[in-house]
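One structure is given here, and the rest of the page talks about it.
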Amino acid sequence: LSPRFLDAVRDASLSLARIEPDMTVIFGAPICSHDVANAALVAHGGRIAAAYHKRLLPNYGVFDEHRYFRAGDRNLILSRAGFHIGVSICEDIWYPDGPAAMEAAAGATLLVNLSASPYHLGKGAARERMLAVRAADARAYVAYCNLVGGQDELVFDGRSLVFSPSGETVARGAAFREELVLADLDPAEVRRARLADPRDRLAAPGAVFEDTDRVDLETLVQGDAHG
């Protein structure tokens with residue numbers, strides 16, 4: 001709710017994007033144009049190449065996101081290194097028909113979810129079961145990055161996870177401490193899983209998701225190189 005804070009976040013985000021231009025980095029930040037959004041920013045080629053605005057804003061329990069943010073109305077799919085990467089934030093992946101599922105249906109092969117999911121007893125196991133189901137239903141990889149640390153009375157337990165298109169655990173981050181998690185993923189595995197699964201063939205022909213923005217990061221950089 002502080003314009004000065006939002007301006008400082010914008011400046012820090014631009015600086016972060018310039019640190020390692022050869023990497024694609026997705027990080028969370030509040031951003032403001034005509035209103036404030038809970039956003040995932042995509043840094044690529046030394047700049048902010050795309051932004052996703054969280055679509056599902058929880059307003060129950062410890063959450064009060066409608067007080068601070070305007071909900072987004074667009075999905076985002078990035079293309080790089082053979083993957084089509086659907087970007088979402090926390091609540092967006094908890095619902096079977098939510099934005100992450102929409103991105104998978106629109107062609108995303110890797111679903112990246114940035115999260116600040118607070119801890120309570122049994123939450124880690126329940127979260128892991130949910131994400132395994134999302135990966136298997138989407139026949140896509142799921143890379144879930146959860147916050148570690150505390151904020152007022154909330155504790156965030158980490159336990160970041162990567163799942164295969166069959167819902168199997170590929171990698172698991174530590175609980176209650178920061179950790180760098182590396183995983184090698186194969187886009188061909190998604191293609192194999194989808195060819196072997198008849199569910200997409202039963203969908204209405206010609207179904208198109210008009211509310212999806214698509215950004216080819218490699219073409220973007222090549223275009224910059226050629227002016």
> Out of all the residues in the range 47-76, which are open to solvent by less than 20 Å² (accessible area, probe 1.4 Å) and small (Gly, Ala, Ser)?
Replying inline: ALA50, GLY72
>> Go through (1) open to solvent by 30 Å² or more (accessible area, probe 1.4 Å); (2) farther than 22 Å from LEU220 by Cα; (3) within 20 Å of the chain's Cα centre (by Cα) for ALA29 and report which single condition fails.
In response: (1)
>> Just to check your reading of the model, which residue among GLU91, GLU20, GLU65 is at pLDDT 95 or above and closer than 23 Å to VAL162 by Cβ?
In response: GLU91
>> I'd like to know if the range 48-65 contains one or more residues that are closer than 23 Å to GLU153 by Cα and β-branched (Val, Ile, Thr).
In response: yes
> If you check every pair at least six apart or on different chains, which have Cβ atoms under 9 Å apart with a residue in the range 11-30 that is among the β-branched types (Val, Ile, Thr) first and a residue that is loosely packed, with under 11 Cβ neighbours inside 10 Å second?
Replying inline: VAL25/ILE19
> In the range 1-40, what count of residues is obtained for those that are farther than 21 Å from PHE69 by Cα and in contact with a Lys or Arg (Cβ under 7 Å, 6 or more places away or on another chain)?
Replying inline: 2
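The values are calculated or read from the model by the stated rules, or taken from the named source; none is laboratory data. On a predicted model such as this, the values are computed, not experimentally measured, just so you know. So basically every Cβ, Gly included, is an ideal-geometry build from the backbone, and we count neighbours across all protein chains shown. Side chains are part of the model used for accessible areas, which takes the heavy atoms of the whole protein and leaves out ligands, DNA and RNA. Shrake-Rupley method; radii C 1.70, N 1.55, O 1.52, S 1.80 Å.
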